[in-house]
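*Asks:* I'd like to ask you about the structure that follows.
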Amino acid sequence: MTKLTWAAPERNKAPVLAVLQRILPSSGTLLEVASGTGQHAAHFAQHLPGWTIQPSDIDADNLASIQAWAREANLTNLRFPLQLDVCDADWNVAALGAIFNANMIHIAPWDVAVGLLRGAARHLLPGGFLVLYGPFRIGGQHTAPSNQAFDDSLRQRDVRFGVRDLEAVVTLAEQQGLALQERIEMPANNQVLAFTRARQ
């Protein structure tokens, strides 16, 4: 079972955790969508002891790595990963207090962002959080030349990819009953968008 380590999650896991510690309540179940290697999930589980962390991914190699990280961490609040396609009509998860996703919606077709937001609306408890991390354009402009270059490289790789407009993501979320609560500027010209599902 191959345990993968990527540089980006190693760099951003601490700043992202600090946001989660500040905005989330003391306990619940958090689903990480597109967990990649499993580094985030293991780190979050260690430092959010009141939360059950459920990692997930669609890729078989990533799922194997997540499982290896989970076995090594050996934490009671870190579950083994689910194979999850966000475009599925049912994610086969119980009601969630939070959903976290990093760096997916720009490296995927727009339909994947739609699937993520629809799934969050279905599976979050009222008042639950959807937390997105990554680069966004704001007011139609990139926040740094490096993000412009990254966007260009993504679109060359696949015309359906690209850094998303924050306003388009917020509108899509609102259509699903998810309201933007906070935008937090993060290191390396990234953002955190924290949405909540309407209380019923």
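*Asks:* What is the one condition in (1) touching a residue at least 60 places away in the same chain (Cβ under 8 Å); (2) out of contact with any Lys or Arg (no Cβ under 7 Å at 6 or more places or on another chain) that Ser56 does not satisfy?
*Replies:* All conditions are met except number (1).
*Asks:* Being touching a Leu at 6+ places or on another chain (Cβ under 6 Å) and closer than 16 Å to His123 by Cβ is true for just one of Thr37, Thr52, Thr29. Which residue is that? It would help to see each step written out before you state the result.
*Replies:* Working: Thr37 fails: closer than 16 Å to His123 by Cβ; Thr52 fails: touching a Leu at 6+ places or on another chain (Cβ under 6 Å).
Being touching a Leu at 6+ places or on another chain (Cβ under 6 Å) and closer than 16 Å to His123 by Cβ holds for just one of Thr37, Thr52, Thr29, which is Thr29.
*Asks:* Return a yes/no flag: does region 9-22 have any residue that is part of a loop (DSSP other than H, G, I, E, B), modelled with pLDDT of 95 or more and either farther than 18 Å from Ala188 by Cβ or not β-branched (Val, Ile, Thr) (or both). Talk me through it step by step, then tell me what you get.
*Replies:* The initial filter retains those residues of region 9-22 that are part of a loop (DSSP other than H, G, I, E, B), namely none.
No: zero hits.
*Asks:* Taking the stated definitions as given, is Leu31 among the aliphatic types (A, V, I, L, M), in contact (Cβ under 8 Å) with a residue 24 or more places away in the chain, more than 12 Å from Leu78 (Cβ to Cβ) and not in a helix (DSSP H, G or I)?
*Replies:* It is true that Leu31 is among the aliphatic types (A, V, I, L, M), in contact (Cβ under 8 Å) with a residue 24 or more places away in the chain, more than 12 Å from Leu78 (Cβ to Cβ) and not in a helix (DSSP H, G or I).
*Asks:* Need the failing condition index for Thr5 against (1) surrounded by 13 or more Cβ atoms within 10 Å (Cβ to Cβ); (2) assigned to a loop (DSSP other than H, G, I, E, B), just the number.
*Replies:* Among (1) surrounded by 13 or more Cβ atoms within 10 Å (Cβ to Cβ); (2) assigned to a loop (DSSP other than H, G, I, E, B), Thr5 violates only (1).
*Asks:* Going by the conditions given, is Ala98 surrounded by 15 or more Cβ atoms within 10 Å (Cβ to Cβ), hydrophobic (A, V, I, L, M, F, W, C), touching a residue at least 40 places away in the same chain (Cβ under 8 Å) and more than 25 Å from Gln21 (Cβ to Cβ)?
*Replies:* No; evaluated as a whole, the condition is false for this residue.
The values are calculated or read from the model by the stated rules, or taken from the named source; none is laboratory data. Quick caveat: nothing in here was measured; it's all calculated off a predicted structure. All Cβ positions, glycine included, derive from the backbone under ideal geometry; neighbour counts span all protein chains shown.
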